[in-house]
Amino acid sequence: MPMGTRHRVTGFLKDSRRGLILEVDGGGVYALDAEPGARQFLGRKVTVEGVRSGFDRLDVDWIGAA
């Protein structure tokens, strides 16, 4: 997946030393650059829409309960 591509992924939102991460259904992890309000979804299954900005990083445009 090239950088700058849009993605819509679903998984569980967790906190880590890297900040917010999304453990994706079926395996894999994304580190998220998201607004502080995204923390309200910690521990819940969410859908995230955003742009890939690094190897495993998404700049989040939208996050909501899945």
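Spacing of the modelled spin labels on Phe55 and Arg6, each 7 Å from Cα toward Cβ, amounts to 2.7 nm. The chain gives an Rg/Rh value of 0.91, both radii derived from C-alpha positions and Rh following Kirkwood. Evaluating 6.51 cos²θ - 1.76 cosθ + 1.60 at θ = phi - 60° for every residue in segment 32-47, the Karplus couplings come out as 10, 9, 9, 5, x, x, 5, 4, 4, 9, 3, x, 10, 7, 9, 10 Hz, glycine and proline recorded as x. For the chain, the fraction of 1.4 Å probe accessible surface lying on carbon and sulfur atoms is 52 percent.
Each of Thr47, Thr5 has its accessible area taken with a 1.4 Å probe; listed largest first, they run Thr5, Thr47.
The phi-based Karplus calculation (6.51 cos²θ - 1.76 cosθ + 1.60; θ = phi - 60°) puts the 3J(HN,Hα) values of segment 21-27 at 10, 10, 7, 6, 4, x, x Hz, whole numbers, x for Gly and Pro. Taking amide H positions as modeled 1.01 Å from N, with prolines and chain starts lacking one, the residues under 5 Å from Val29 and 5 or more places away or on another chain are Val24.
Once you charge only the Cβ atoms, +1 for Lys and Arg and -1 for Asp and Glu, what is the size of the charge dipole of the chain about its Cα centre, to the nearest 20 debye?
Values: 10 positive and 9 negative charges, 26 e Å.
That gives the chain a dipole magnitude of about 120 debye.
Solvent-accessible surface of segment 1-57, taken per residue with a 1.4 Å probe and all protein chains present: 61 Å².
The values are calculated or read from the model by the stated rules, or taken from the named source; none is laboratory data. In this text, all values refer to a predicted model and were calculated from it rather than measured experimentally. Here the Cβ is made from the backbone with ideal geometry for all residues, glycine too, and neighbour counts use every protein chain on show. Note: accessible area is taken over every heavy atom of the protein model, side chains too, but ligands, DNA and RNA are not part of it. Shrake-Rupley method; radii C 1.70, N 1.55, O 1.52, S 1.80 Å.
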